[in-house]
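What follows draws every value from the coordinates through simple rules; no lab data is involved. Since the structure is predicted, the reported quantities are computational estimates derived from the model, not experimental observations. Counting neighbours? That spans all protein chains shown, and the Cβs are built from the backbone with ideal geometry, glycine included.
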Amino acid sequence: MARELSEQELHNLAMNIVGRQLESEGFEFMGVNSKPKKNPQFVCLKDKELHFIVVRYVPFPEDPNQYDESLMDKMKDHADKHEARTYYAGVGLSNAQDRNLPVYLNEEYIVDYRGMIEI
């Protein structure tokens, strides 16, 4: 029987998707935090510049590009103190067979990720 992915597993999947993009674009990981409520998820260095990246798993049918503005304002204030750039990366994940069903372990899923949004 298919097992539904937990919130933490969905969050980790979203982080893996964003992490692979960061890696392919030459970002150097300084810190990684996989707890969904502990921000930012990634602290990276690229071109001698610090980047704070907040990653969120977004369930269907929510828009992965819509973010919590008060949270991101707080993150930006925090990043500014460290002279870092702030990004939001929302990753929509849904079941490939029926988008209204949960995402199951070892079953196909659809990724709705349009890249990072600079705050």
Here the qualifying pairs (Cβ atoms under 8 Å; residues six or more apart or on different chains; first in the range 76-89 and charged (D, E, K, R); second assigned to a strand (DSSP E or B) and surrounded by fewer than 18 Cβ atoms within 10 Å (Cβ to Cβ)) come out as E83/L50; R85/E49; R85/L50; R85/E118
Working carefully through the options E62, E83, find the one that is charged (D, E, K, R), surrounded by 12 or more Cβ atoms within 10 Å (Cβ to Cβ) and more than 11 Å from I119 (Cβ to Cβ). E62
Filter the range 95-114 down to the residues that are under 18 Å from the mean Cα position of the chain (by Cα) and in a loop (DSSP other than H, G, I, E, B) and list them by number. V103, Y113, R114
Restricting the range 1-54 to residues that are among the aromatic types (F, W, Y) and part of a strand (DSSP E or B), the residue that is surrounded by the fewest Cβ atoms within 10 Å (Cβ to Cβ): F29
Go through the range 24-39 and give me each residue that's of a type in the set (D, E, K, R) and closer than 19 Å to A84 by Cβ. E25, E28, K38
For the range 55-90, name all the residues that are under 20 Å from N12 (Cα atoms), charged (D, E, K, R) and in a strand (DSSP E or B). R56
